[in-house]
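Data block below; observations after.
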Amino acid sequence: MILTIDNHSGNAHALALETMFADRKAQFVDFFEWDVPVVDGRFEMDQFDTADAVYLVAIDDAGRHEASLRMLPTWLPHLLGNVFPHLCATGVPVGPTTWESTRLCLPSRHGAGQRRVLRNALISAMADFALARGIEHITGVIPEGFRRDVLAMGWRAEPLGPAARIKGGPIGAFRIDVTPDVCERLAWTGTYTGVLELAA
């Protein structure tokens, strides 16, 4: 199941969020060696993990995190606009129908095959989420190797500028156009996995 978690402070999905932030620390801090905040030595949480963030979280039968990504409204502080604007050659796209997707977390414990299944499930959920909320554009900043994968998934997408090197490897920004046929376009490449069970 994939949860859509809004306004997460005091949320009923405490276990999903706690294990998500722990897995984010293992992936982004321990593995990628990103210089990002760590809370209580266990959880990777930055200044954008506020009640305005929306999380798409795949959970197991016990309610624990399997994989996730974070969606942020771009008219509020967000990663690309506040930390990495230099990655956008012609300015950071913002507006009421533009959201940012970041912190795609696919724990290494799953193995390559299962991580790909989880990645596609989250991309599918993100497409469904965008269509349901009237989102017209999705932006983000991700490792350059994965940016190439994102741009090749079938939807209308483009890089926003050249990649830049940080500790842990090069990163780059992108923008996706959420067109009415986005799910069909993602299905062409086998990325979209169909209508998913999304629990609020």
So for the range 28-36 (the condition being assigned to a loop (DSSP other than H, G, I, E, B) and among the charged types (D, E, K, R)), does at least one residue qualify? yes
Output the residues belonging to the range 73-102 that are within 17 Å of residue 124 (Cα to Cα) and in contact with a Ser or Thr (Cβ under 8 Å, 6 or more places away or on another chain). 99, 100, 101
With the requirement that a residue be of a type in the set (Val, Ile, Thr) and over 14 Å from the mean Cα position of the chain (by Cα), what does the range 102-133 give you? 117
Given (1) touching a Pro at 6+ places or on another chain (Cβ under 9 Å); (2) under 17 Å from residue 85 (Cβ atoms); (3) crowded, with 16+ Cβ neighbours inside 10 Å, residue 164 misses just (3)
Any residue that is within 14 Å of the chain's Cα centre (by Cα), over 23 Å from residue 83 (Cα atoms) and either surrounded by fewer than 16 Cβ atoms within 10 Å (Cβ to Cβ) or not acidic (Asp, Glu) (or both) - is there at least one of those in the range 34-55? no
Using the structure shown, decide if residue 99 is modelled with pLDDT of 95 or more, closer than 19 Å to residue 135 by Cβ and either over 18 Å from the mean Cα position of the chain (by Cα) or in a loop (DSSP other than H, G, I, E, B) (or both). no
Residue check for residue 152: over 16 Å from residue 54 (Cβ atoms), surrounded by fewer than 19 Cβ atoms within 10 Å (Cβ to Cβ), among the small types (Gly, Ala, Ser) and under 18 Å from the mean Cα position of the chain (by Cα): yes
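Rundown of residues vs (1) among the aliphatic types (A, V, I, L, M); (2) in contact with a Phe, Trp or Tyr (Cβ under 7 Å, 6 or more places away or on another chain); (3) closer than 27 Å to residue 170 by Cβ, yes/no style:
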residue	(1), (2), (3)
51	yes, no, no
94	yes, yes, yes
111	no, no, yes
123	yes, no, yes
Residue hits (the range 52-88; touching a Gly at 6+ places or on another chain (Cβ under 9 Å) and part of a loop (DSSP other than H, G, I, E, B)) are 74, 75, 88
Six or more apart or on different chains, Cβ under 6 Å: which pairs go from a residue in the range 173-186 that's crowded, with 20+ Cβ neighbours inside 10 Å to one that's among the acidic types (Asp, Glu) and at pLDDT below 95? Could you list them? none
Per the filter on the range 151-190, residues touching a Ser or Thr at 6+ places or on another chain (Cβ under 9 Å) and either in a helix (DSSP H, G or I) or of a type in the set (Lys, Arg) (or both) are 156, 175, 183, 185, 186, 187
For the range 28-41, indicate whether the set of residues that are of a type outside the set (Asp, Glu), at pLDDT 95 or above and more than 22 Å from residue 170 (Cα to Cα) is non-empty. no
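The values are calculated or read from the model by the stated rules, or taken from the named source; none is laboratory data. Because the structure is a prediction, the values reported are computed rather than measured. No Cβ is skipped: glycine too gets one built from the backbone with ideal geometry, and neighbour counts run over all protein chains shown.
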